[in-house]
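Have a look at the structure below, then the notes.
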Amino acid sequence: MDRMTKSKFESMTKKEKAAYIWDYYKWHIIIGIIVIALVANLITSITTRKDTILDVTLLGKYIDSNKQDAFKKTLDKKFVTNIKKQETQVEFLFYDKNSKDQMAIASIQKFQALAASASLDVVVLDKDDFNLYAGQGLFMELDKIPELSNLSSKFVSSSGDQNTSKAPLGITADDVKVLKDLGYDTQNKIITIASNTKHKQNAINFIKYIFE
């Protein structure tokens, strides 16, 4: 601010000074506010972010969202050891193989992205889709998990092509009350553990829990 402008500024009323500052520096002020907000949001995200220690993803046509939230809280109580830093996730992805709805297409794209990024632990899906993804090596062989041997009568192998493992890769979900109570249709659904899960023990413990 030069001497003449400074002299003029000093002779202004408070209202005129405020208007002057806004006219000449409004973009600086706006950008400054945005930067401060972004930094504050980043700090909040970093300090409040929680690690997911168990992800349960269900593909289907319907789930009661209120019961879904309540189920997540139940799993948090059962699996989380540090409530400030950990959480579980119960994710529902709408999918109807006969539908060309954009939501169904987006759900499959999201599911594939989660699978590729090793973000899945337990997956419940339709048997036809189970056979499809089993052929891509998405699911863990369950007969190699001694803790689940008591469920062997419910084990399911893929009926995919000849290159697909014939080892049991899933468990039939027909009689799982915990899932039915969510409003989720368990008929013809298969429960699996992702082959690249980062939380294998929690995934195993979850399956044991829902079959108690």
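Here the chain carries DSSP beta bridges of which approximately 50% are antiparallel, counting only pairs with both residues inside. When the listed pairs LYS85/LYS166; LYS26/LYS85; LYS85/LYS189; LYS97/LYS154 are checked against a 30 Å cut-off, the alpha-carbon distance exceeds it for LYS85/LYS166; LYS26/LYS85; LYS85/LYS189. Against the empirical 2.2 N^0.38 Å (N residues), the chain has a Cα radius of gyration ratio of 1.58. Count the net charge of all other residues whose Cβ sits under 15 Å from the Cβ of LYS144, scoring Lys and Arg as +1 and Asp and Glu as -1. So the surrounding residues net to -1. Round to the nearest 10 and give me the degree value, 0 to 90, for the angle of helix 14-48's Cα axis relative to the longest principal axis of the chain. With rounding to tens, the tilt is 20 degrees.
Sequence-distant contacts, meaning Cα pairs under 8 Å at least 6 residues apart, place the relative contact order of the chain at 20 percent. With R₀ fixed at 30 Å, the C-beta to C-beta distance from ILE33 to ALA118 puts the FRET efficiency at about 0.20. Sorted ascending by nearby beta carbons within 10 Å, beginning with the fewest, VAL80, VAL124 become VAL80, VAL124. The calculated FRET efficiency for LYS180 paired with LYS78, based on their beta-carbon distance and R0 = 22 Å, is about 0.75. Remark on SER158: its backbone amide H falls under 5 Å from those of LEU169, a criterion applied only to residues 5 or more positions apart or on other chains, H modelled at 1.01 Å from N.
Placing +1 on the Cβ of every Lys and Arg and -1 on the Cβ of every Asp and Glu, with no other charges, gives the chain a dipole of roughly 1100 debye about its Cα centre.
We did not get these values from a lab; they are worked out from the coordinates using the rules stated. Just so we're clear, the structure is a prediction, and the values are computed from it rather than from any experiment. Backbone-built Cβ (ideal geometry, glycine too); neighbour counts: all protein chains shown.
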